[in-house]
Amino acid sequence: MLARGLTAALVSCAVVVSIVYAQGASAPGPAAAAPDVKLQEPSRDASRVYARAKGSLFQVRVLTASGRSQATAGSGFVVSNDGLAITNYHVVSKLVLDPNRYVAEAISASGERDDISVLKIDVLHDLALIRVAKRRDWPPLKISSKMLRQGERLYSLGNPLDLGFAISEGAFNGQITRPYYPQILFSGAINSGMSGGPSVDESGEVIGVNVSKRLDGEQISFLVPAQYVAALVQQGSAVTAQPSQQAFRSEIGRQLTTHQSMMADQLLKAPLATRALGPYAAPINEMQGIRCWGDDPSMPQLKYHYARLHCQNESVVGVEDALRTGFINVRHEYFATEQLDSFRFLQIYAKSYKNESFGSYRDRHRTGPECTDAFVKGDGANSVPVRAVVCVRAMRKFEGLYDFSLMAATVDDSHSGLHTRMDASGVTLENGQRITKAFLDAIGRRP
């Protein structure tokens, strides 16, 4: 069984500067002259909305403190007359977590520059309340509290790909849950660099904040609803200076702990749902915002039957570039044969079981895995005996939070079996044990 990385079909729309030159590559020659192309003119409504909002927009640039080189770039907008502004947390996460190595600045649409400090963060909704140091003449945008109807026009603003400020016209298509927090489905284009910019209605009021898009579709974008912007502004309006690195880490830890408690309670409020794989009941993390995919390929050359099922969170909590947490993912693989004898089948079955990875001791965000291996049988009515490996890794910067991985293989049949891999990331020891036991109890034969 090949280890598979957690690859989300989502991209956060901040620009990360990463320019790589291949050794020995020659410089590209001059490009051929392109024919004149008439660009599509923006609608009158879009032009009017952009003209009204332009003065409230700015680009957010996070720079290395030593060389002032750009590390990330996104967008932001002013929400008060005293310089309070909003962007995405992931745009300024480097500044939050490592203020000795990074600084940030705002650049308005007219080219004015000012320093930025981060006052308050909401990691779970990917928002940051920031203050523009000196500029007080950038007009604020109004945060909307109205309910929109599906199909109403929205306008997303920001600085895509560091090319300059732009407006993208699209439609409001309601709120969805992905999987724990609501987001607005925006049928319009959001590009890298627009993260943290506002999406406004025809009156120029903020309906949401640009946050991400799907890579496997066209114009499927997501916004953080304005209600969370309003809440963050209210919570942070009295903060006068950027909190310390340790204070921010403590706050992130508190938010992650709240998130995992809700995640575990939501999963375990009822018996786990199961899907049929051969004669087995395969437990899954069925809830809104979880997507399950299955495959039952025809491979007669293998002389055994193989089917798989994978259930994965559509979104995770991004703490920093290489630290994604706050999710529960499940993968099942079913093996069965009528052509192989038990010895040859069990060799294949065992080899697949051994080919799993549980992390590295060199990971700077998590400790190395501590694993236990045992033959057990769950407490469910239809549970079957399994060989189970449970591995636990501690998060280095957030005390009391862990990653749990369960690998279980049924051992009740010499010609068929079910492999289960469950990963619960960013949970307490208690909740990790609760989740692991629930999956072990639910692995069984179909009634």
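Look at segment 367-385: where a residue is touching a residue at least 24 places away in the same chain (Cβ under 8 Å) and among the hydroxyl-bearing types (S, T, Y) and a partner is in a loop (DSSP other than H, G, I, E, B) and loosely packed, with under 12 Cβ neighbours inside 10 Å, sitting 6+ places away or on another chain with Cβ atoms under 9 Å, you get T367/Y361. Is it the case that V319 is among the hydrophobic types (A, V, I, L, M, F, W, C), over 23 Å from the mean Cα position of the chain (by Cα) and within 27 Å of D98 (Cβ to Cβ)? Spelling it out, it is not the case that V319 is among the hydrophobic types (A, V, I, L, M, F, W, C), over 23 Å from the mean Cα position of the chain (by Cα) and within 27 Å of D98 (Cβ to Cβ).
Selection of segment 271-307 for residues being outside any strand (DSSP E or B), in contact (Cβ under 8 Å) with a residue 60 or more places away in the chain and within 19 Å of V411 (Cβ to Cβ) yields G278, P279.
Of the residues G217, G193, the single one that is crowded, with 24+ Cβ neighbours inside 10 Å, assigned by TED's automatic domain parsing to the domain that holds I167 and within 19 Å of the chain's Cα centre (by Cα) is G193. Pick from segment 148-164 the residues that are in contact with a strand residue (DSSP E or B) (Cβ under 6 Å, 6 or more places away or on another chain) and surrounded by 15 or more Cβ atoms within 10 Å (Cβ to Cβ): which of them is farthest from S110 (Cα to Cα)? The residue in question is L148. Here segment 251-274 is the region considered, the condition is being surrounded by 14 or more Cβ atoms within 10 Å (Cβ to Cβ) and of a type in the set (S, T, N, Q), and the residue that is farthest from the chain's Cα centre (by Cα) is T274. The test for being in a loop (DSSP other than H, G, I, E, B) and either over 26 Å from the mean Cα position of the chain (by Cα) or at pLDDT 95 or above (or both) does not hold for Q433. Counting only residues that are surrounded by 21 or more Cβ atoms within 10 Å (Cβ to Cβ) and modelled with pLDDT of 95 or more, segment 319-329 holds 5 of them. Could you say whether any residue in segment 275-285 is crowded, with 17+ Cβ neighbours inside 10 Å, modelled with pLDDT under 90, among the β-branched types (V, I, T) and out of contact with any Asp or Glu (no Cβ under 6 Å at 6 or more places or on another chain)? So far as segment 275-285 goes, no, none of its residues is crowded, with 17+ Cβ neighbours inside 10 Å, modelled with pLDDT under 90, among the β-branched types (V, I, T) and out of contact with any Asp or Glu (no Cβ under 6 Å at 6 or more places or on another chain).
Each row is one residue, and each column tells you yes or no for (1) more than 17 Å from S352 (Cα to Cα); (2) touching a helix residue (DSSP H, G or I) at 6+ places or on another chain (Cβ under 7 Å); (3) in the same structural domain as L272 (by TED's automatic domain parsing).
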{"position": "D373", "(1), (2), (3)": "no, no, yes"}
{"position": "V376", "(1), (2), (3)": "yes, yes, yes"}
{"position": "V389", "(1), (2), (3)": "no, no, yes"}
{"position": "R393", "(1), (2), (3)": "yes, no, yes"}
{"position": "K397", "(1), (2), (3)": "yes, yes, yes"}
{"position": "S405", "(1), (2), (3)": "no, no, yes"}
{"position": "T410", "(1), (2), (3)": "no, no, yes"}
{"position": "D413", "(1), (2), (3)": "no, no, yes"}
{"position": "S416", "(1), (2), (3)": "no, no, yes"}
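Filter segment 112-141 for residues that are among the aliphatic types (A, V, I, L, M) and assigned to a loop (DSSP other than H, G, I, E, B); which is nearest to Y181 (Cα to Cα)? Checked segment 112-141; the qualifying residue nearest to Y181 (Cα to Cα) is L124.
Quick grid of which residues meet (1) under 20 Å from G67 (Cβ atoms); (2) surrounded by 19 or more Cβ atoms within 10 Å (Cβ to Cβ); (3) of a type in the set (V, I, T); (4) not assigned by TED's automatic domain parsing to the domain that holds S80:
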| residue | (1), (2), (3), (4) |
| --- | --- |
| L97 | yes, no, no, no |
| R101 | yes, no, no, no |
| A106 | yes, yes, no, no |
| A109 | no, no, no, no |
| R113 | yes, no, no, no |
| I116 | yes, yes, yes, no |
| H125 | no, yes, no, no |
| R131 | no, yes, no, no |
| K134 | no, no, no, no |
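Here V319 meets the list (1) of a type in the set (A, V, I, L, M, F, W, C); (2) more than 30 Å from K213 (Cβ to Cβ); (3) touching a helix residue (DSSP H, G or I) at 6+ places or on another chain (Cβ under 8 Å) almost entirely, failing just condition (2).
Taken over segment 198-214, the criterion of being under 18 Å from the mean Cα position of the chain (by Cα), crowded, with 20+ Cβ neighbours inside 10 Å and not aliphatic (A, V, I, L, M) is satisfied by G208, N210, S212, K213. Applying the set (1) without any contact (Cβ under 8 Å) to a residue 40 or more places away in the chain; (2) surrounded by 21 or more Cβ atoms within 10 Å (Cβ to Cβ); (3) in a loop (DSSP other than H, G, I, E, B) to C311 leaves exactly one unmet item: (3).
The values are calculated or read from the model by the stated rules, or taken from the named source; none is laboratory data. In this text, all values refer to a predicted model and were calculated from it rather than measured experimentally. FYI the Cβ positions are ideal-geometry reconstructions off the backbone, even for glycines, and counts take in every protein chain you see.
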